[in-house]
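The values are calculated or read from the model by the stated rules, or taken from the named source; none is laboratory data. Since we're looking at a predicted model, the values are computed, not measured. Every residue, glycine among them, receives a Cβ derived from its backbone with ideal geometry; neighbour counts consider all protein chains shown.
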Amino acid sequence: MPYGHGVAVGGVLKRSRELVRPALVEAVGRLHPWTGEMAAYALGWSDASGTPGRGGSEGKGVRQALAVLGAEAVGADGGVAVAGAVAVELVHTFSLMHDDIMDGDGLRRQRPAVWKAYGTGPAVLAGDAIHALAVQCLAEAPGPFTGDAVRRLCGTLNALVSGQAEDLRFERHPWSGTGAVGPDQYRSMAEDKTGALLGCAIALGATLGGAPSATVAVLERAGRQLGVAFQVVDDLLGIWGDPAVTGKPVHGDLRLRKKTYPVLAALAGTGAAARELAVLLDSPEPFDSATATRAAALVEEAGGRAATREEARRHLDAARHGLREVPLAPGAAADLDALFAYLLDRSW
């Protein structure tokens, strides 16, 4: 992506963070001190001792930016979307906390995950508290569109659970034959697990900005397409990403034998590399470094890496096309388009 777009997106993310941050801080301050401390740690505001500003990453704030831009794209002031932005940022935070526990991931943003820093039980409790807080913050937003916004968020929460349930169930499916996970099942899972919240973020901004339901629906679909693209790129990074950037070990997803898109695409091939990969994945032996390296090479040789890049590009194109289906404010539409492209430009 051209450098100028990256600079422009950086400005959008910064502006959105500055707009939303005071309300997000106020919301977290309403939690019990202990769960609030864990929330602050998860958000990158403090370390595990509760000391502010030490070693944490706040993340890029993409979802809150999508909410703000969703309002601006339909001609409203971005400030009307703050409650929605807070809600999606909190939902994203609690979902990561719970996902790390379910997946056994000990690192998040290059430091111990919340469950590693505080314990599994406390992390579950803090995630529950943040979940409830997200709904409460949105439900308390003033204006005539709050009810619609809360219903949309609740639907998204159900979609997130469905996507995570499918992802976990995939672990029980065989690698080939009857019951194997296919591309359509993967896309459905990714759209719920990742796309639902991205689509909700834009849709909440548009809803709170008073947009017609047809416009909201188009923007939500675009966000869902973006989410599938984002997830398959995340799968690439889970195999070939730089640990210094991802905060996770190289070939981490392969070591866990996760059914990611590059692996599924590679197994769909008929050549020798696909067959050897299937034998490796079916082996009861744990993957050591050499085996994981060989598996990654086989995924690439069987076409899994190239197919995943193409899949990401296809869904990104669909997402960007969606922004042209309804009339939007030109400046905000351009910012959304640049942000969509930026999300796929992650060393993939």
Practice task
Test residue 132 against the criterion of being assigned to a helix (DSSP H, G or I) and in contact with a helix residue (DSSP H, G or I) (Cβ under 7 Å, 6 or more places away or on another chain), and give yes or no.
Solution key: no
Exercise for the section: Go through 238, 252, 223 for me and flag whichever is in contact (Cβ under 8 Å) with a residue 24 or more places away in the chain and either touching a Pro at 6+ places or on another chain (Cβ under 9 Å) or small (Gly, Ala, Ser) (or both). Expected result: 223
Practice task
State whether one or more residues within segment 248-255 are at pLDDT 95 or above, part of a helix (DSSP H, G or I) and either under 17 Å from the mean Cα position of the chain (by Cα) or surrounded by 19 or more Cβ atoms within 10 Å (Cβ to Cβ) (or both).
Solution key: no
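Given the residues 172, 221, which is the only one that is basic (Lys, Arg), over 20 Å from the mean Cα position of the chain (by Cα) and more than 17 Å from residue 99 (Cβ to Cβ)?
Only one candidate qualifies: 172.
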Practice task
Report yes if some residue within segment 80-97 is surrounded by fewer than 20 Cβ atoms within 10 Å (Cβ to Cβ) and touching a residue at least 60 places away in the same chain (Cβ under 8 Å); otherwise report no.
Solution key: no
Handout entry: Test result for residue 76, in a loop (DSSP other than H, G, I, E, B) and in contact with a strand residue (DSSP E or B) (Cβ under 8 Å, 6 or more places away or on another chain)
Key = no
Completion exercise
Checked segment 139-161 for anything outside any helix (DSSP H, G or I) and either in contact with a Cys (Cβ under 8 Å, 6 or more places away or on another chain) or on the phi < 0 side of the Ramachandran plot (or both); matches are 140, 141, 142, 144, 145
Handout entry: Flag for residue 42 being at pLDDT 95 or above, surrounded by 24 or more Cβ atoms within 10 Å (Cβ to Cβ) and within 23 Å of residue 14 (Cα to Cα)
Key = yes
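Just wondering, is there one or more residues in segment 156-179 that are under 21 Å from residue 329 (Cβ atoms) and either surrounded by 19 or more Cβ atoms within 10 Å (Cβ to Cβ) or in contact with a Ser or Thr (Cβ under 8 Å, 6 or more places away or on another chain) (or both)?
Step one: filter segment 156-179 for residues under 21 Å from residue 329 (Cβ atoms), giving none.
Checking segment 156-179: not a single residue is under 21 Å from residue 329 (Cβ atoms) and either surrounded by 19 or more Cβ atoms within 10 Å (Cβ to Cβ) or in contact with a Ser or Thr (Cβ under 8 Å, 6 or more places away or on another chain) (or both).
Does at least one position in segment 21-32 carry a residue that is within 18 Å of residue 136 (Cα to Cα), surrounded by fewer than 16 Cβ atoms within 10 Å (Cβ to Cβ) and basic (Lys, Arg)?
yes
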Problem - Candidate set: segment 268-326, residues that are in a helix (DSSP H, G or I) and of a type in the set (Asp, Glu); chosen: the one surrounded by the fewest Cβ atoms within 10 Å (Cβ to Cβ) - result: 282
Practice task
Filter segment 328-348 down to the residues that are in contact (Cβ under 8 Å) with a residue 12 or more places away in the chain and not hydrophobic (A, V, I, L, M, F, W, C), then identify the one that is surrounded by the most Cβ atoms within 10 Å (Cβ to Cβ).
Solution key: 335
Completion exercise
Of the residues in segment 192-218, those that are over 10 Å from the mean Cα position of the chain (by Cα), more than 16 Å from residue 66 (Cα to Cα) and in a helix (DSSP H, G or I) number 3
Handout entry: Residue match in segment 205-213 (condition: within 17 Å of residue 265 (Cβ to Cβ), of a type outside the set (A, V, I, L, M) and either in contact with a Phe, Trp or Tyr (Cβ under 8 Å, 6 or more places away or on another chain) or modelled with pLDDT of 95 or more (or both))
Key = no
Completion exercise
How many residues of segment 180-199 are charged (D, E, K, R) and surrounded by fewer than 17 Cβ atoms within 10 Å (Cβ to Cβ)? The answer is 1
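Taking the condition surrounded by 24 or more Cβ atoms within 10 Å (Cβ to Cβ) and among the acidic types (Asp, Glu), does residue 242 pass?
Considered against the rule, which asks whether it is surrounded by 24 or more Cβ atoms within 10 Å (Cβ to Cβ) and among the acidic types (Asp, Glu), residue 242 comes out as no.
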Exercise for the section: Please verify whether segment 54-74 includes one or more residues that are modelled with pLDDT of 95 or more, crowded, with 24+ Cβ neighbours inside 10 Å and basic (Lys, Arg). Expected result: yes
Problem - Condition met for residue 108 (surrounded by 15 or more Cβ atoms within 10 Å (Cβ to Cβ), at pLDDT below 95 and either over 14 Å from residue 41 (Cβ atoms) or touching a Leu at 6+ places or on another chain (Cβ under 8 Å) (or both)) - result: yes
